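Here, each number is a calculation from the coordinates, and none is a lab measurement. Bear in mind the structure is a predicted one, so any value in this text is a computation, not a measurement. Counting neighbours? That spans all protein chains shown, and the Cβs are built from the backbone with ideal geometry, glycine included.
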Amino acid sequence: MIEISNITQTFGKGRDAFTALRDVSLTIRENEFFTLLGPSGCGKTTLLRSIAGFVYPTAGTIKLQGEDLLTLPPYSRPVNTVFQSYALFPHMTVAQNIAFGLEMLNQPGAQVKSSVNEMLALVQMTDMADRKTSQISGGQQQRVALARALAPKPKVLLLDEPLSALDFKLRKEMQIELKRLQTETGITFVFVTHDQEEALTMSDRIAVMNEGRILQIDAPRAIYDHPAERFVADFIGETNFLEVDVLSVEADDATIKLTSGATTTARRADTNSATGQATIAVRPEHATLSDDASALLRGTLEDVIYSGTDTHYHIRLQDNCRFVVRKQNHPGTMEAHTVGHQAGVFFDRGVAQILRD
Amino acid sequence: MPVSTRQFDIRKQPGFTLIAVACFLLLYLPIILLVVYSFNAGKSIAIWEGFSLQWYESAWQNKAIQDAAIRSLILACCASAIATVAAVMAALATTRTAAFKGSSFVFAIINQPLMVPEIVTAVALLLFFAIIKVATGYTGMWYLIIAHSAFCIPFAYMPIRARLQGMDFSLEQAGADLYGKPSRVFWRITFPQLWPGILAGAMLAFVISLDDVVITEFVKSAGQDTLPTYMLGQLRRIVTPEVNAISTVLLGISVLLVAGFFFLSKIRK
Ligand SMILES: Nc1ncnc2c1ncn2[C@@H]1O[C@H](COP(=O)(O)OP(=O)(O)OP(=O)(O)O)[C@@H](O)[C@H]1O
Ligand SMILES: [Mg+2]
């Protein structure tokens, strides 16, 4: 649907030059909820704006259904944006805002009217049609911004952190509503956020970005379970990192030796990776405490932190690294582990992920 | 003695009130006197002889003043209209485009009439137009209109630019995103929010044009007196309260326009 190839975006010239996007390539599929996730300043907005046409890439191409987007001015691109600040027209009513794009497309009045009503119903704002946009709440403004961008039936909807201005509860509601709208309309959504939880719950696929680069593109589950790089593993959820020795490699798997001397099987993020030194990532909830001989790692239990749904065990390993194990709590069970005692750690074969360096 | 822990307050300094009052008196006392003596029944501009409107009447009936007044109004209308259109375009170009090389130079060029001494501009225009007059033989009003338009631009430009800078650029981007071509986005999105700035700029330009003496005096052809240059000419001969009367009317117009200007600048975005 959207093919972005080797986009580079440099702002400024000479010594002030700043490269916001470095050789970014990605393909977004039809009807997909695609999320750009990354820390502040990594270039998410810049990438979105280059699709919309507000910045012009220094190099690379962007194609929409095979058509070159870069030759088109913003007003000719069949994509619409939901701006981070909503950018609703303050001198117009809710209905006039929604009608704007349709009027610019020179649609006949009756058709504009029926489309506007349809959109108002879709975002449940029919009662507010004649209010000025300054007279409605933040969540309602957000809905109007959505309706305005959806009304011209774009091929792609670009959303730049549309939920960041909302409070927690409304945010959760709107996440569900956005997902519903995307399914109902069948429009491709490109969604920008720096909230990893939001990305994991809403997306079909996620592109994790850092410093102008795309590090990994995958389904949420794959991103979480099999992070390809240290940054991805660290940015999304909690992770333990361990230095290991890769003994042998097969197709997707590798046999690794831990610092304790124990061996197990790990997944390879990069099938080109060779034997030798490597770093693995293990999620705290994928590991368990083990007192018997099966333990892969041993150390001293330093902290036991109760947090309602689960308990975190902090273990100081023999090589002085720290390892966290998370266990879900069940009612009525007593804490069986004591701080200061010896503890072993176990995780299943194939749970550990070898990271690209 | 209690030690003051309050912040430094200029109003508490000795002599502050005195200086402030003196300044206001110097500024406004002459104007008040001018207005008062425009109602003088006698011929003197210094001795009060009772109230009358005779100088307003005689000014109103004076053919030369009528001509000058009409010329002043036409000139101010044309010049402020041209200057405002130019200023809107300049303001859009300097706030709504990506920072370009030499943009601060362009900014300086636009505001040049504020920086170059007016007398220099006046002499330069006199010489420049003299060449054109010789070449074309045209001696009409357009020299004055062009000259006034030029020096009014920065005055129209400033309030328009200020308002544009206070406006959210993402609104215009949203307009473009929703298939609005630049001209339609301007009229549908930019203009409805910018008009108080445009009107304020036009009013300021109008007042500045109405009030100009130096450039007009140098550029005008024979028989092209505006109100200010006519008054200047009168002062060289006999001075009657007629001049006071014209000044008072001009003052009234200016005060109205400037008050309107401040009102417009306050209209919420
Ligand atoms: N017009 C510009 N000129 C110069 N630098 C820019 C410009 N636009 C963006 N940048 C820089 O490019 C980098 C990426 O900006 P961008 O807005 O894409 O970040 P982001 O990932 O959207 O961050 P956030 O989550 O904070 O919105 C930033 O360091 C920013 O300072
Ligand atoms: Mg951003």
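Taking every DSSP beta bridge with both residues inside the stretch A:238-354, roughly what % is antiparallel (nearest 5)?
Of all bridge pairs located within the stretch A:238-354, approximately 95 percent are antiparallel.
Between A:Arg213 and A:Arg22, the built amide H atoms are under 5 Å apart, and every one of these is 5 or more places off in sequence or on another chain. Tell me the mean residue ellipticity at 222 nm calculated for chain A from its helices only (DSSP H runs of n ≥ 4, each -39500 (n - 2.57), averaged over every residue, nearest 500). The per-residue figure over chain A is -7000 deg cm²/dmol. I'd like the FRET efficiency for A:Lys113 and B:Lys266, computed as 1/(1 + (r/R0)^6) with the beta carbon distance as r and R0 of 35 Å, rounded to 0.05. Using R0 = 35 Å, I get an efficiency of 0.45. In this calculation the C-beta distance from A:Lys155 to A:Leu289 is compared with R0 = 56 Å, giving a FRET efficiency of 0.60. Each DSSP beta bridge with both residues in chain A is either parallel or antiparallel, and the antiparallel ones are about 75%. Relative to one another, the C-alpha centroids of the stretch B:174-252 and the stretch A:250-312 are positioned 79 Å apart.
Suppose a student asked you for the relative contact order of the stretch B:169-260, using Cα pairs under 8 Å spaced at least 6 residues apart; what percent would you report?
Values: 27 pairs, mean separation 25.4, N = 92.
Relative contact order of the stretch B:169-260: 28 percent.
Arranged from fewest to most other beta-carbon atoms within 10 Å of their beta carbon, B:Arg161, A:Arg267, A:Arg148 become A:Arg267, B:Arg161, A:Arg148.
What does the C-alpha gyration tensor say about the overall shape of the protein assembly as shown? Classify as rounded when a/c is under 1.5, otherwise prolate if a/b is larger than b/c, or oblate. Prolate, because a/c is 1.5 or more and a/b exceeds b/c. Taking a ≥ b ≥ c as the square roots of the Cα gyration tensor eigenvalues, the stretch A:238-354 comes out prolate, since a/c reaches at least 1.5 and a/b is larger than b/c. For the stretch B:59-266, rounded, prolate or oblate, judged on the Cα gyration tensor with a ≥ b ≥ c (square roots of eigenvalues), a/c < 1.5 rounded, else prolate if a/b > b/c? Because a/c hits 1.5 or more and a/b exceeds b/c, the stretch B:59-266 counts as prolate. Taking other residues whose beta carbon is less than 13 angstrom from the beta carbon of A:Lys327, and scoring Lys, Arg as +1 and Asp, Glu as -1, yields -1.
GNM on chain B, alpha-carbon springs under 10 angstrom: the most fluctuating residue among B:Pro14, B:Pro241, B:Pro113 is B:Pro14.
Modelled spin labels at B:Ala124 and A:His330, positioned 7 Å past Cα toward Cβ, are 9.0 nm from each other.
Can you give the FRET efficiency for A:Glu173 and A:Asp225, using 1/(1 + (r/R0)^6), R0 = 35 Å, r = Cβ-Cβ distance, to the nearest 0.05?
Values: r = 28 Å, r/R0 = 0.80.
Step by step, r from the Cβ atoms, then E = 0.80.
Using 0.36 nm per residue and subtracting the Cα-Cα separation, the extra length available between B:Asp9 and B:Leu26 on full extension is 3.7 nm.
A:Ser40 to A:Asn6: extension gain in nm, 0.36 nm per residue of separation minus the Cα-Cα distance?
That works out to 10.1 nm of additional length.
Take every DSSP beta bridge whose two residues both sit in the protein assembly as shown, then give the antiparallel share in percent to the nearest 5.
Values: 61 of 82 bridges.
Of those bridges, close to 75 percent are antiparallel.
Across the stretch A:231-240, coupling constants 3J(HN,Hα) worked out from phi with the 6.51/-1.76/1.60 Karplus curve, θ = phi - 60°, read 4, 5, 4, 6, 6, 10, x, 9, 8, 9 Hz, and Gly and Pro carry x.
Just rank A:Met92, A:Met125, B:Met141, fewest to most, by other beta-carbon atoms within 10 angstrom.
Details: A:Met92 18, A:Met125 21, B:Met141 14.
The fewest-first ordering by Cβ neighbours comes to B:Met141, A:Met92, A:Met125.
Listed values for the stretch B:206-218 are Karplus-derived 3J(HN,Hα) couplings in whole Hz (6.51 cos²θ - 1.76 cosθ + 1.60, θ = phi - 60°), namely 4, 4, 4, 5, 4, 9, 6, 10, 4, 5, 4, 4, 7, and x replaces Gly and Pro.
Among residues other than A:Gly38 with Cβ under 10 Å from its Cβ, the summed charge is +1 (Lys and Arg +1, Asp and Glu -1). Residue by residue, the stretch B:237-244 carries 3J(HN,Hα) couplings of 9, 7, 9, 10, x, 4, 4, 4 Hz when phi is fed to the Karplus relation 6.51 cos²θ - 1.76 cosθ + 1.60 (θ = phi - 60°); x denotes Gly or Pro.
Rank the residues A:Tyr86, A:Tyr56, B:Tyr56 as a footprinting-exposure proxy: fewest other Cβ atoms within 10 Å of their Cβ go first.
Values: A:Tyr86 22, A:Tyr56 10, B:Tyr56 18.
Ordered from fewest to most neighbouring Cβ atoms within 10 Å, A:Tyr86, A:Tyr56, B:Tyr56 come out as A:Tyr56, B:Tyr56, A:Tyr86.
The calculated 222 nm mean residue ellipticity attributable to helices in chain B amounts to -23500 deg cm²/dmol, summing -39500 (n - 2.57) over DSSP H runs of n ≥ 4 and dividing by all residues. Taking 0.36 nm per residue of separation and subtracting the current Cα-Cα distance, fully stretching the chain between A:Lys63 and A:Thr300 would add 79.8 nm.
Given the pairs B:Lys101/B:Lys181; A:Lys13/A:Lys63; B:Lys63/B:Lys220; A:Lys113/A:Lys155; A:Lys153/B:Lys181, which span a C-alpha to C-alpha distance of over 23 angstrom in this model? Correct reply: B:Lys101/B:Lys181; A:Lys13/A:Lys63.
Highest mobility in the GNM of chain B, judged by mean-square fluctuation with C-alpha springs under 10 Å and restricted to B:Leu75, B:Leu126, B:Leu53, is found for B:Leu53.
Using alpha carbons only, how many angstrom separate the centre of the stretch B:28-46 from the centre of the stretch A:187-246? Answer, in whole Å: 82.
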